[in-house]
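Comments concern the structure below.
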Amino acid sequence: MVFTDKVVRNISIIILFNDEKKILLQLKDEGHERYPNYWCFFGGDIEDGETPENAVHREILEEVDYKLNNPRKIMVYSFNFDSFSGNIHIFIEKYNNNYLLTLNEGKDFGWFDMGSALKLRLTPNTRGILVYLIKNCRELR
């Protein structure tokens with residue numbers, strides 16, 4: 001029998017993109033438990049009893065005070081690291097620029113084209129998802 005201390009995490013993230021096909025990213029603050037001072041997508045853990053869709057709506061509202069209209073799930077990205085593994089449910093939606101974003105979590109946020117985003121200090125999962133999007137996501141080309 002094998003015992004493991006690996007934590008399983010299921011996460012929902014949103015890829016918001018604007019009219020210029022730039023994506024919204026968050027810079028984690030120094031106190032974040034995983035990858036402080038790295039850039040990532042907005043989102044977070046799916047809570048017990050919550051669907052991935054509910055989680056993505058809740059997370060973006062908590063983090064930047066933004067109400068999603070109709071996010072579309074584009075994929076599930078599986079990851080496996082030494083201490084944790086799981087699935088990231090990835091949603092995409094075009095940003096409604098009638099909303100003003102207010103940063104409530106993290107150190108900063110910004111809009112980036114795909115090439116500029118890849119030059120940032122990204123979490124491993126964010127980098128993997130961006131590479132996939134560049135090759136496969138028609139909304140961002």
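The values are calculated or read from the model by the stated rules, or taken from the named source; none is laboratory data. This one's a predicted model, so the numbers in the text were calculated from it and none came from an experiment. When we count neighbours, we look across all protein chains shown, and the Cβ atoms used for this are built from the backbone with ideal geometry, even at glycine. Each accessible area value is taken on the protein alone, full model and side chains, heavy atoms only, with ligands, DNA and RNA left out. Shrake-Rupley method; radii C 1.70, N 1.55, O 1.52, S 1.80 Å.
Worth pointing out:
- Per residue, the average separation of C-alpha pairs within less than 8 Å and at least 6 apart gives segment 16-109 a relative contact order of 34 percent.
- Heavy-atom surface of the chain, accessible at 1.4 Å and reported per residue (Å²): 57 Å²
- Between helix 52-64 and the chain: long-axis angle, C-alpha atoms, 0 to 90°, nearest 10: 60 degrees
- When the P(r) is computed for segment 13-57, the part past 15 Å accounts for 54% of the Cα-Cα pairs.
- Share antiparallel - DSSP beta bridges, the chain, percent rounded to 5: 60 percent
- For the chain, a simple Cβ point-charge model (Lys and Arg +1, Asp and Glu -1, everything else neutral) yields a dipole of about 780 debye relative to the Cα centre.
- Within the shell defined by Cβ-Cβ distances under 13 Å, the residues around Lys67 carry a net charge of -4, with Lys and Arg each +1 and Asp and Glu each -1.
- The chain: angle of helix 124-136 to the longest principal axis, Cα-based, in degrees nearest 10: 50 degrees
- Diffusion coefficient (Stokes-Einstein, Kirkwood radius over C-alpha pairs, 37 °C, 0.692 mPa s) for segment 8-141: 220 µm²/s, rounded to a whole number.
- Using just its DSSP H runs of length 4 or more, each adding -39500 (n - 2.57), the chain gives a mean residue ellipticity at 222 nm of -6500 deg cm²/dmol after division by all residues.
- For segment 49-100, size of Cβ-based charge dipole, Lys and Arg +1, Asp and Glu -1, in debye: 280 debye
- Think of the chain as a dipole: +1 on every Lys or Arg Cβ, -1 on every Asp or Glu Cβ, centred on the Cα centre; then among Pro52, Leu100, Cys137, Cys137 lies furthest on the positive end.
- Fraction of accessible area attributable to carbon and sulfur, the chain (%, probe 1.4 Å): 48 percent
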